1. Examine segment 78-86 for a residue that is exposed (fewer than 14 other Cβ atoms within 10 Å of the Cβ) and free of Cβ contacts under 8 Å to residues at least 12 places away in the same chain, and state whether such a residue exists.
2. Quick one: in segment 121-131, of everything that is in contact with a strand residue (DSSP E or B) (Cβ under 8 Å, 6 or more places away or on another chain) and under 17 Å from residue 99 (Cβ atoms), which residue is surrounded by the most Cβ atoms within 10 Å (Cβ to Cβ)?
3. From the list 114, 90, which residue is surrounded by 15 or more Cβ atoms within 10 Å (Cβ to Cβ), part of a strand (DSSP E or B) and either in contact with a strand residue (DSSP E or B) (Cβ under 7 Å, 6 or more places away or on another chain) or free of Cβ contacts under 8 Å to residues at least 60 places away in the same chain (or both)?
4. Kindly establish whether residue 102 is at pLDDT 90 or above, surrounded by 15 or more Cβ atoms within 10 Å (Cβ to Cβ) and in a loop (DSSP other than H, G, I, E, B).
5. Being exposed (fewer than 15 other Cβ atoms within 10 Å of the Cβ) and either at pLDDT 90 or above or touching a strand residue (DSSP E or B) at 6+ places or on another chain (Cβ under 8 Å) (or both): is that true of residue 141 here?
6. Which condition number in (1) surrounded by 14 or more Cβ atoms within 10 Å (Cβ to Cβ); (2) closer than 22 Å to residue 41 by Cα is the one that residue 96 fails?
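The values are calculated or read from the model by the stated rules, or taken from the named source; none is laboratory data. Just so it is clear, the structure is predicted and the values come from calculations on it, not from any experiment. Note that we place each Cβ from the backbone using ideal geometry, even for glycine, and neighbour counts take in every protein chain shown.
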């Protein structure tokens, strides 16, 4: 391969690195602001785990990186999300979707939102479940209130 020539095999990984870097920078900025309380409810059945989160209106948050494909349901509210693969999407409850493995989202709650994910696991220990279904990354998961969003706006 000649130096300086981008091939199709190199473009996708380069885009992924750029997007991942942008998400890491966003999370670093978000970490400077107070955390937003987002209560969790954990539900277990044989072979399965449901994680329900309440996201207050006006909250900007990032998700963890999911190792496996799984269902999600938006039970209440309106949310805008962004992912590398899907770009910006808007979901209104009730909504059922699928999260692909490797997905990492930016989420903005337009209204109060109730969101639940369903995962296959035989574990009931939350630490073991987290280790099983989440891909670790170094930037802490954070959320900031809407009145701090202006600090994160990009200028062109």
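1. Looking through segment 78-86, at least one residue is exposed (fewer than 14 other Cβ atoms within 10 Å of the Cβ) and free of Cβ contacts under 8 Å to residues at least 12 places away in the same chain.
2. Step by step, filter segment 121-131, then rank; the result is 129.
3. Working: 90 fails: surrounded by 15 or more Cβ atoms within 10 Å (Cβ to Cβ).
The unique qualifying residue is 114.
4. It is false that residue 102 is at pLDDT 90 or above, surrounded by 15 or more Cβ atoms within 10 Å (Cβ to Cβ) and in a loop (DSSP other than H, G, I, E, B).
5. no
6. Only one criterion in (1) surrounded by 14 or more Cβ atoms within 10 Å (Cβ to Cβ); (2) closer than 22 Å to residue 41 by Cα is unmet by residue 96, namely (1).
A quick yes/no check of all residues on (1) closer than 20 Å to residue 35 by Cβ; (2) under 16 Å from the mean Cα position of the chain (by Cα):
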{"residue": "64", "(1), (2)": "yes, yes"}
{"residue": "74", "(1), (2)": "no, yes"}
{"residue": "79", "(1), (2)": "yes, yes"}
{"residue": "93", "(1), (2)": "no, no"}
{"residue": "136", "(1), (2)": "yes, yes"}
